[in-house]
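The values are calculated or read from the model by the stated rules, or taken from the named source; none is laboratory data. All figures in this text were calculated on a predicted structure; none of them were measured in a lab. Here the Cβ positions follow ideal geometry from the backbone for every residue, glycine too, while neighbour counts run over all protein chains shown.
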Amino acid sequence: MRQPLLPLPPPLRGADPDSFARDTVIRRLPAIAGRVLAENDLDPEAADAVAALAAEIPSAPLRPLADAGAPDLALWHDYLAPYAGQDWLAVPWFLAETYFYRRILEAIGYFRPRSGAFGRDPYAQQKRLGLERTPLAGLAAEPLPLDAALRGALWGNQADLSLWPADAEGGPGGATLLADDGPAVLAHLDALIARSATVDVILDNAGAELAHDLLLTDALLARGLRVRLHAKAHPTFVSDATVGDVRDTIAWLAGRPDPVAAAAARLVAALAESRLTLHDDWFWTSPLAGWELPEALFGTLATSGLLISKGDANYRRWLGDRHWPAVTPLADVLGYAPAPLLLLRTCKSEVAIGLDQARLAAASARDPQWMTNGRWGLVQFVGRETGG
């Protein structure tokens, strides 16, 4: 198996005392279930199932999915098998979260053709509100410069609807870079542009973040690169983007005034010409670590000139959501990646690597909650010659 060079530390768990993981399992997940109930017109059976899911957190053991006919049923049987009898706090946090969002779909009947919620996104209201509140003023008529587009995609990651619902006041505020490999990334992109390479963007949130990711996509395409966007196979983590969200967001951008509408028109043309392609895979909704990439997906990503990984959940996946020391060198953990890897992430969980000790100490002194409040950004690059 491809995996980090170093021994694997233990995973983050809800059982970790005084942790953000514990708060997520005990408080945030039941609250999200409550929002699903409030924002969807569910039939009584589905509503009862969502309420029952919230009630079993955190003490009940994780049970197998009861979702006959669902296309990922066998996958989830395998994911859960090692943790039989363990409750929501005992299992790895990343497993608990991905399982929770999959259980929401089971409860509403997302995969059941005769269900009233068949194929319906239970987070659609949040995604719509998030998109409507996207600030897009001040954009130039031409595609953005690459450095500006990358920064927009980074700070767009602050728009996380699982933490800050679209209809609630406030958000993380603040924007401080804790690690910045931007110059190395731009130099690498210059080399890719010279050979019209492919860039893969692994998306995170819909709404404002996806709008900025599409403006980054527009900037990459304008420089002769091909782009593959990777979305989730089904709704998850409240605001994570599906292929349908990508298409809906392009259509929404097309309805804005120029220059935003002009950017949308360029994206539509790129889709028609297959310079831009949209993809999903069950891996991105799984609890698996990055080093457990399926062979077919690994092979696809290995042909890339650059993987741009967006957001906190994807960052956690690449690191296996484990208790790595924050000063651990990037290459010691991420050398298994199938292609050069750019991580664009605002910190919203207690996992990070590749940080300078002095900057880390300064951040901790200035903001004790820097790991989880979304105010601190990382631009981290692990480069090597590969892909096309």
Being under 25 Å from LEU146 (Cα atoms) and either over 17 Å from the mean Cα position of the chain (by Cα) or part of a loop (DSSP other than H, G, I, E, B) (or both) narrows LEU360, LEU355 down to just LEU355
Selected residue (only one of LEU89, LEU65, LEU42 is in contact (Cβ under 8 Å) with a residue 12 or more places away in the chain, assigned to a loop (DSSP other than H, G, I, E, B) and either among the basic types (Lys, Arg) or touching a strand residue (DSSP E or B) at 6+ places or on another chain (Cβ under 8 Å) (or both)) | LEU89
Taking the condition in contact with a helix residue (DSSP H, G or I) (Cβ under 6 Å, 6 or more places away or on another chain) and in contact (Cβ under 8 Å) with a residue 24 or more places away in the chain, does ALA197 pass?
-> no
So which of ARG102, ARG22, ARG13 is on the phi < 0 side of the Ramachandran plot, surrounded by fewer than 21 Cβ atoms within 10 Å (Cβ to Cβ) and modelled with pLDDT of 95 or more?
-> ARG22
Specify which of the listed residues (LYS310, LYS348) is crowded, with 19+ Cβ neighbours inside 10 Å and modelled with pLDDT under 95.
-> LYS348
One residue from TRP324, TRP282 being touching an Asp or Glu at 6+ places or on another chain (Cβ under 6 Å), in the same structural domain as PRO235 (by TED's automatic domain parsing) and hydrophobic (A, V, I, L, M, F, W, C) | TRP282
So, of the residues in segment 286-297 that are crowded, with 18+ Cβ neighbours inside 10 Å and part of a helix (DSSP H, G or I), which turns out to be farthest from the chain's Cα centre (by Cα)?
-> TRP291
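A quick yes/no check of all residues on (1) in a helix (DSSP H, G or I); (2) crowded, with 23+ Cβ neighbours inside 10 Å:
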site	(1), (2)
GLU209	yes, yes
LEU214	yes, yes
LEU221	yes, no
ARG228	no, no
PRO235	no, yes
VAL238	no, yes
ARG247	yes, no
ALA251	yes, no
